[in-house]
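Colleague: I'd like to ask some things about the structure below.
The values are calculated or read from the model by the stated rules, or taken from the named source; none is laboratory data. From a predicted model like this one, the values you see are computed outputs, not experimental measurements. In this analysis, Cβ positions are derived from the backbone assuming ideal geometry, glycine residues included, and neighbour counts consider all displayed protein chains.
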Amino acid sequence: MNRFFVLPMPRHPCRQELRVISRFLAVLICFGLAAPAQQTTQRGNTSASFSTRATQLLGFTNTKSNGTGTLSVKGDSLQFQQKGKPNSQVKLASVRDVFLGAESKQVGGLPMTLGKTAVPFGGGRVVSLFAHEKYDTLSLEYVDDDGGIHGAIFQLKKGQAELVRNELVAQGVTINPRQDQSTKENAAEATHENK
């Protein structure tokens, strides 16, 4: 009676932890790959207005700081509309300069922080690598009706700030060339340091 028996392997706690970590990382990677596929810009023909989702950090009158809404270029004005509130607008002729920036922030809040601390063997550091979201900042310098100089800062999805700047330029806003010059200087400094 030669029977082959497959004996069950004893379960090790390390294997179960590795399974949990690998499943968590797989889900995290799937969400990370799906996020750039979402398109937030509504773009019609060239005569239609341009709009995108944005967070107004500060600067526009009659809007709450850190308020989310729609930033749009309509006619001869740049408008920010929060849901259920009147829109704030600036005439494109009064915009003096536009600055772009890129930032990143850690996402996930308290659940992500607790998850990072629960991952054994320093694996929370690996989770931190994937728990960052990049976004663009758009800063405007404009003049009000009384001649006062003001500024406004908006936070947009990655790649959206350049689209807004290009739309403003297409509508006739002149942008000071010094920001392009400063990026060229930084590139020259970087190549000089690498030698």
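Colleague: How many residues does the range 83-109 hold that are under 17 Å from the mean Cα position of the chain (by Cα) and either crowded, with 16+ Cβ neighbours inside 10 Å or part of a helix (DSSP H, G or I) (or both)?
Modeller: Let us first name the residues in the range 83-109 that are under 17 Å from the mean Cα position of the chain (by Cα), namely 99-109.
Narrowing further to those that are either crowded, with 16+ Cβ neighbours inside 10 Å or part of a helix (DSSP H, G or I) (or both): 99-100, 108-109.
Total meeting the criteria: 4.
Colleague: If you don't mind, there's one more thing I want to ask. Look at Ile175 and say whether it is part of a loop (DSSP other than H, G, I, E, B) and at pLDDT 80 or above.
Modeller: Working: part of a loop (DSSP other than H, G, I, E, B): yes; at pLDDT 80 or above: yes.
Criteria met by Ile175.
Colleague: Taking interchain pairs and intrachain pairs at least six residues apart, which have beta carbon atoms under 8 angstrom, with the first residue in the range 137-152 and in contact (Cβ under 8 Å) with a residue 24 or more places away in the chain and of a type in the set (Gly, Ala, Ser) and the second surrounded by 10 or more Cβ atoms within 10 Å (Cβ to Cβ) and not in a strand (DSSP E or B)?
Modeller: Correct list of pairs: Gly151/Gly59; Ala152/Gly59; Ala152/Phe60.
Colleague: Same structure again: Quick one: is Gly122 assigned to a loop (DSSP other than H, G, I, E, B), under 24 Å from Ala26 (Cα atoms) and either among the aliphatic types (A, V, I, L, M) or over 10 Å from the mean Cα position of the chain (by Cα) (or both)? Break it down stepwise before answering.
Modeller: Numbers: assigned to a loop (DSSP other than H, G, I, E, B): yes; under 24 Å from Ala26 (Cα atoms): yes; either among the aliphatic types (A, V, I, L, M) or over 10 Å from the mean Cα position of the chain (by Cα) (or both): yes.
Spelling it out, Gly122 is indeed assigned to a loop (DSSP other than H, G, I, E, B), under 24 Å from Ala26 (Cα atoms) and either among the aliphatic types (A, V, I, L, M) or over 10 Å from the mean Cα position of the chain (by Cα) (or both).
Colleague: Only one of Val107, Val169, Val143, Val119 is among the aliphatic types (A, V, I, L, M), modelled with pLDDT of 80 or more and in contact with a Ser or Thr (Cβ under 6 Å, 6 or more places away or on another chain). Can you tell me which?
Modeller: Working: Val107 fails: in contact with a Ser or Thr (Cβ under 6 Å, 6 or more places away or on another chain); Val169 fails: in contact with a Ser or Thr (Cβ under 6 Å, 6 or more places away or on another chain); Val119 fails: in contact with a Ser or Thr (Cβ under 6 Å, 6 or more places away or on another chain).
When all the criteria are applied, what remains is Val143.
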